[in-house]
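The values are calculated or read from the model by the stated rules, or taken from the named source; none is laboratory data. Note that the structure is predicted; figures quoted are calculated from it, not measured. When we count neighbours, we look across all protein chains shown, and the Cβ atoms used for this are built from the backbone with ideal geometry, even at glycine.
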Amino acid sequence: MEVIELNHPLVSHKLSILRNEKTGTKEFREIVSELSTILCYEAMKDAELENVEIKTPICKMQAKELNEDNYAFIPILRAGTGMLDGLIRVMPNAKIGHIGMYRNEETLKPVKYYYKTPKDLEKREVIVLDPMLATGGSGIDALTMLKESGAKKLKFLCIIAAPEGIKKMQEIHPDVQIYCASVDEKLNENGYIVPGLGDAGDRIFGTK
């Protein structure tokens, strides 16, 4: 599936502030949340609406509403939680899960240290959150775990993506739509996105 890259002057402006090494923790965190809200709007373009009857101050009418219970937001710990507020602002009643993992240095396989998701994942659209799609390892592992738990309809939202991570994710999870604010140039020899914005988790939580 194609990658949806936001192309908007306001997004470019926000990204410029986000990338600047002089941007402090408070502003960095706020902009990550703002961009996440915009990403959520884009990812929800194909949302299915239900017909309901409501009464305005003037008259009754047929309206369309979203059943927020059909959605689950799953941030990848820890940086993914920095995106959560931006999505909750749009859909406050969506269910929320969390995935924490690390990679075994010997086997190179993912090890879950925390995995808590809503029930009935197969009935929900699952939106996975991680600010950076670099090598793709964490995102791919998270998507694999969620599919093993029954999830069938998944989307992946990130702020910055590297071509290498996109390619790898599309090879392993071609059914998962990727939404990002920017596709950057490449990964450097240390696995950081260039030009990127540094370590998103450290900058969100002030541990840089």
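Checking Lys155 against (1) more than 25 Å from Leu18 (Cβ to Cβ); (2) surrounded by 16 or more Cβ atoms within 10 Å (Cβ to Cβ): exactly one of these is not met. Which one?
(1) is the only condition that Lys155 fails.
State whether the residues of the range 196-208 include one that is assigned to a strand (DSSP E or B) and either under 17 Å from Val32 (Cα atoms) or of a type outside the set (D, E, K, R) (or both).
Looking only at the range 196-208, we keep the residues that are assigned to a strand (DSSP E or B), and these are none.
Checked the range 196-208: no residue is assigned to a strand (DSSP E or B) and either under 17 Å from Val32 (Cα atoms) or of a type outside the set (D, E, K, R) (or both).
How about the range 184-208: which of its residues are under 17 Å from the mean Cα position of the chain (by Cα) and surrounded by fewer than 17 Cβ atoms within 10 Å (Cβ to Cβ)?
The one that is under 17 Å from the mean Cα position of the chain (by Cα) and surrounded by fewer than 17 Cβ atoms within 10 Å (Cβ to Cβ): Asp199.
Looking at (1) among the aliphatic types (A, V, I, L, M); (2) outside any strand (DSSP E or B); (3) in contact with a helix residue (DSSP H, G or I) (Cβ under 8 Å, 6 or more places away or on another chain), which is the only condition Ala181 fails?
(2)
Based on what the data block shows, is Ile99 crowded, with 17+ Cβ neighbours inside 10 Å, among the aliphatic types (A, V, I, L, M) and closer than 20 Å to Asp141 by Cα?
yes
Of the residues in the range 146-204, how many are in contact with an Asp or Glu (Cβ under 9 Å, 6 or more places away or on another chain), under 13 Å from Leu129 (Cβ atoms) and modelled with pLDDT under 95?
Residues in the range 146-204 being in contact with an Asp or Glu (Cβ under 9 Å, 6 or more places away or on another chain), under 13 Å from Leu129 (Cβ atoms) and modelled with pLDDT under 95: 1 in total.
Name the pairs: first residue in the range 19-44 and under 15 Å from Pro131 (Cβ atoms), second residue exposed (fewer than 15 other Cβ atoms within 10 Å of the Cβ) and small (Gly, Ala, Ser), Cβ to Cβ under 6 Å, at least 6 apart or on different chains?
Matching pairs, first to second residue: Thr25/Gly206.
Tally up the residues in the range 1-49 that are acidic (Asp, Glu), surrounded by 14 or more Cβ atoms within 10 Å (Cβ to Cβ) and farther than 24 Å from Pro92 by Cα, please.
1
With the checklist (1) free of Cβ contacts under 8 Å to residues at least 40 places away in the same chain; (2) in contact with a strand residue (DSSP E or B) (Cβ under 9 Å, 6 or more places away or on another chain); (3) farther than 16 Å from Val126 by Cα in hand, flag the one item Ile58 doesn't pass.
(2)
Go through (1) modelled with pLDDT of 95 or more; (2) of a type outside the set (Asp, Glu); (3) over 12 Å from the mean Cα position of the chain (by Cα); (4) over 24 Å from Asp199 (Cβ atoms) for Met91 and report which single condition fails.
Condition not satisfied by Met91: (1).
For a quick check of your reading: which helices (runs of 4 or more DSSP H) sit entirely within the range 68-173 and have at least 3 residues that are touching a strand residue (DSSP E or B) at 6+ places or on another chain (Cβ under 9 Å) and over 24 Å from Lys186 (Cα atoms)? Can you show your working first?
Details: elements: 81-88, 137-148, 163-172.
Once the helices (runs of 4 or more DSSP H) in the range 68-173 are filtered for at least 3 residues that are touching a strand residue (DSSP E or B) at 6+ places or on another chain (Cβ under 9 Å) and over 24 Å from Lys186 (Cα atoms), what remains is 81-88, 137-148.
Starting from the range 61-82, keep only residues that are free of Cβ contacts under 8 Å to residues at least 24 places away in the same chain, then list their pairs with residues that are among the hydrophobic types (A, V, I, L, M, F, W, C) whose Cβ atoms are within a distance under 7 Å, requiring at least 6 positions of separation or different chains.
Note: pairs meeting the criteria are Met61/Ile54; Ala63/Val52; Ala63/Ile54; Lys64/Leu49; Glu65/Leu49; Glu65/Val52.
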